[in-house]
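Below is one structure, written out as structure tokens; comments come after it.
The values are calculated or read from the model by the stated rules, or taken from the named source; none is laboratory data. None of the values given here were measured: they were computed from a predicted structure. Here the Cβ positions follow ideal geometry from the backbone for every residue, glycine too, while neighbour counts run over all protein chains shown. All accessible areas refer to the heavy atoms of the entire protein, side chains included, with ligands and DNA or RNA removed. Shrake-Rupley method; radii C 1.70, N 1.55, O 1.52, S 1.80 Å.
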Amino acid sequence: MTTMTLAKALNAGLRKAMEDDDKVVIMGEDVGTLGGVFRITDGLQKDFGDARVIDTPLAESGIVGTAVGLAMRGYRPVVEIQFDGFVYPAYDQIVCQVAKLHFRSQGRVRIPMVIRIPFGGGIGAVEHHSESPEAQFVHTPGLKVVACSNPADAYVMIQQAIHADDPVVFLEPKRLYHSAKADVDESAPAAPLWQSRVVRPGSDATLVAYGPTVSTCLDAATVAAEEGRSLEVIDLRTLSPLDLVPVHESVRRTGRLVVVHEAHVTLGVGAEIAARVTEECFHSLEAPVLRVGGFDTPYPPARIEEAFLPDLDRVLDAVDRTFGF
Amino acid sequence: MTDPVFGPAPERAPDPELVQLLTPEGERVHHPGFDADFSAEQLRGFYRDMVLVRRLDIEATALQRHGELGLWAQLLGQEAAQIGAGRALAPQDYVFPTYREHGVAWCRGVDPVRLLALFRGVDQGSWDPAEHNFGLYTIVIGAQTLHATGYAMGVQRDGLVGTGDPERDTAVVAHFGDGASSQGDVNEAFVFAASFNAPVVFFCQNNQWAISEPFERQSRIPLYRRSHGFGFPGIRVDGNDVLATYAVTKAALQRAREGQGPILIEAYTYRMGAHTTTDDPTRYRLSDDVEHWKLKDPIARLEVYLRRNGLADDDFLAEVAAEADALGERMRRECHALPDPSPHDLWDLVHAEKTAELAAQQAEYDAHAASFEEVS
Ligand SMILES: Cc1ncc(C[n+]2csc(CCOP(=O)(O)OP(=O)(O)O)c2C)c(N)n1
Ligand SMILES: [Mg+2]
């Protein structure tokens with residue numbers, strides 16, 4: 001058992017994956033000598049060499065495209081996209097090649113690639129450094145998409161993603177990299193990667209979140225409890241495939257659901273969850289499924305990002321509204 | 001006009017000499033850098049390959065006309081570039097093709113019927129890339145050049161560059177067109193290959209056209225010189241000369257296998273047919289141009305050379321023609337017999353590990369499909 005930040009847990013998970021399988025290679029901008037701008041790959045090049053931890057030229061399509069070739073040669077590339085807003089130059093390679101090669105080749109070509117993306121806002125950054133592009137990848141058949149929300153999950157999930165034979169977009173809540181600290185038990189049995197999880201049981205309403213908004217929802221549940229309302233919080237963990245079994249089970253008990261993410265609400269993951277929960281739990285619902293998310297504006301300048309990001313008050317307000325129907 | 005500070009802008013450069021070993025008239029010429037000897041058997045092999053591949057192409061075009069294929073991308077005129085490049089490969093080398101590399105596919109032992117299946121809409125590539133060391137056709141132009149470069153980086157990591165063992169040292173070929181040379185991916189591939197000194201040969205068939213756009217729209221300088229800005233050599237070869245293409249590609253591959261890094265080959269050729277069977281080139285090019293290039297036909301010049309030097313007789317030529325007829329007949333027969341895939345399988349192909357979500361959607365489809373069977 002070690003106390004770790006989320007950043008350190010990812011670093012330890014990557015190290016373990018590299019020790020376990022010498023086909024694992026890390027590639028990206030500044031991931032080698034510097035250890036990444038967030039230090040997630042700190043020390044890995046020193047210990048595994050520059051053939052396995054590769055500082056690449058600055059070209060995202062080039063990084064992902066060459067990672068495809070390495071995967072075809074039997075490697076397991078772990079690609080770091082420096083910030084969420086810089087994934088778009090690689091979008092074509094991700095959507096047209098990474099996602100489709102298994103299908104196009106009738107399963108003969110596997111692309112066991114992990115694309116790590118620090119995502120979300122709240123760090124006071126300039127433009128393109130605070131975005132939540134997950135819906136674009138969830139909407140792409142052939143990709144799997146997961147998001148970690150805490151150090152213990154981060155340590156395990158990154159290894160599971162690397163071990164998976166399918167391409168995985170791995171979203172890391174950058175706001176929590178150095179603030180979230182927790183005990184990580186390296187020898188604890190791992191939950192399957194493709195499962196969501198109830199992180200706080202409750203009975204009056206259900207909150208669903210992933211990545212950075214899980215802690216927002218846990219805080220909201222604490223405050224609601226003081227006011228006599230019991231909120232259940234579910235950490236989705238996997239966005240594609242979506243594991244809504246615990247969500248359906250929860251909504252059948254609570255009758256109320258609020259989905260919380262930083263991404264723009266329109267056609268976001270919350271919209272999909274609302275549709276599916278309506279299909280599955282129509283008769284249990286006491287209120288429409290509500291969404292709390294980023295506005296349908298570009299991510300704003302840092303001085304007003306708190307207004308854009310779902311916070312405790314907006315979450316509790318939505319919960320109140322579900323009781324108003 | 002010369003800028004006083006920056007110097008002259010390069011004028012649209014005149015076409016440079018290209019490496020040629022067999023003139024359009026069928027005359028064997030010599031080149032100081034690439035003076036190879038070819039055995040009679042090898043020369044007859046090139047001829048046979050080109051004739052069969054041309055037949056394959058004509059047959060597929062006809063099948064499209066008869067409604068058996070949805071589309072076909074013709075290689076007519078590019079037989080020498082592809083056979084030269086394909087026959088220069090060692091078995092362990094790996095090739096990343098575009099959608100037009102039927103001649104290279106032939107050299108890699110991919111059954112032409114597999115190509116028909118793709119263009120018929122039966123599948124999106126049904127050969128095993130690992131079995132043939134020949135990747136799947138890639139339609140997004142230029143994307144595969146990055147895959148080739150990454151694959152070559154993998155070869156480096158496997159320690160299969162510069163060992164001195166000709167059976168093990170491995171090179172990778174990235175095919176692309178003159179139009180693709182403008183894509184970011186191709187330029188990024190050049191950067192990565194140069195930076196990592198990857199054993200990759202960039203093989204550009206400059207067939208003068210990207211659908212309707214002439215080469216001049218892509219570049220002010222001869223294409224092979226692009227590589228110089230990236231820090232590796234480039235060379236232009238007569239892409240209608242199978243001997244020169246073979247010799248240049250072989251040398252480039254050897255250089256890459258030895259660890260001397262990437263190289264760009266511009267195979268200067270001409271797309272004699274339409275871009276694809278949906279295209280109408282009379283809307284954008286003069287038939288005079290096509291007539292001019294007819295005189296440089298890759299097969300005719302080799303046939304003249306073989307006959308004139310007594311390397312092939314009527315029997316041999318008749319034998320190859322008969323083989324081409326048989327190939328055409330087999331392609332027609334097997335194309336007609338290609339079964340449609342089952343929609344049921346779609347969900348099985350998305351991931352290596354099928355998700356519960358997809359399994360549920362598949363079951364829903366199956367139930368829906370079954371409901372029709374019960375009615376009928
Ligand atoms: C990224 C992308 N843009 C556009 C197209 C449509 N397209 C298909 S082939 C082609 C022309 C390519 O020309 P070139 O690279 O010279 O290859 P050629 O067809 O002459 O062999 C175009 C524009 C495409 N397939 N991919
Ligand atoms: Mg072209």
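Here are a few things to note about the model shown:
- Among the residues of the range B:209-225, those identified as outside any strand (DSSP E or B) and more than 9 Å from ligand 2 (Cβ to nearest atom) are B:212, B:216, B:217, B:219, B:220, B:221, B:222, B:223, B:224, B:225.
- The set of residues from the range A:184-230 being farther than 27 Å from residue B:356 by Cβ and open to solvent by less than 10 Å² (accessible area, probe 1.4 Å) comprises A:184, A:220, A:221, A:224.
- Out of B:113, B:104, sole residue that is within 16 Å of ligand 2 (Cβ to nearest atom) and in a helix (DSSP H, G or I): B:104
- When the helices (runs of 4 or more DSSP H) confined to the range B:255-362 are screened for residues that are more than 14 Å from chain A (Cβ to nearest Cβ), surrounded by 15 or more Cβ atoms within 10 Å (Cβ to Cβ) and away from ligand 1 (no atom under 16 Å from the Cβ), those reaching at least 2 such residues are found at B:298-308, B:314-336.
- Considering residues of the range A:74-126 that are assigned to a loop (DSSP other than H, G, I, E, B) and of a type in the set (Ser, Thr, Tyr) only, the residue nearest to ligand 1 (Cβ to nearest atom): A:105
Rundown of residues vs (1) within 16 Å of ligand 1 (Cβ to nearest atom); (2) at the interface with chain A (Cβ under 9 Å from one of its Cβ atoms); (3) touching a strand residue (DSSP E or B) at 6+ places or on another chain (Cβ under 8 Å), yes/no style:
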| position | (1), (2), (3) |
| --- | --- |
| B:156 | no, yes, no |
| B:164 | no, no, no |
| B:173 | yes, no, yes |
| B:177 | yes, no, yes |
| B:180 | yes, no, yes |
| B:195 | no, yes, no |
| B:198 | no, yes, yes |
| B:209 | yes, no, no |
| B:213 | yes, no, no |
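- Per the listing A:142, A:124, A:69, A:49, the residue uniquely small (Gly, Ala, Ser) and open to solvent by 40 Å² or more (accessible area, probe 1.4 Å) is A:124.
- Within the range B:182-192, considering residues that are at the interface with chain A (Cβ under 9 Å from one of its Cβ atoms) and either within 10 Å of ligand 1 (Cβ to nearest atom) or of a type outside the set (D, E, K, R) (or both), the one nearest to residue B:156 (Cα to Cα): B:192
- Test: residue in the range A:233-250 that is more than 14 Å from chain B (Cβ to nearest Cβ), within 19 Å of residue A:122 (Cβ to Cβ) and open to solvent by 20 Å² or more (accessible area, probe 1.4 Å): no
- Here B:218, B:205 are screened, and the one residue that is within 16 Å of ligand 1 (Cβ to nearest atom) and in contact with a strand residue (DSSP E or B) (Cβ under 6 Å, 6 or more places away or on another chain) is B:205.
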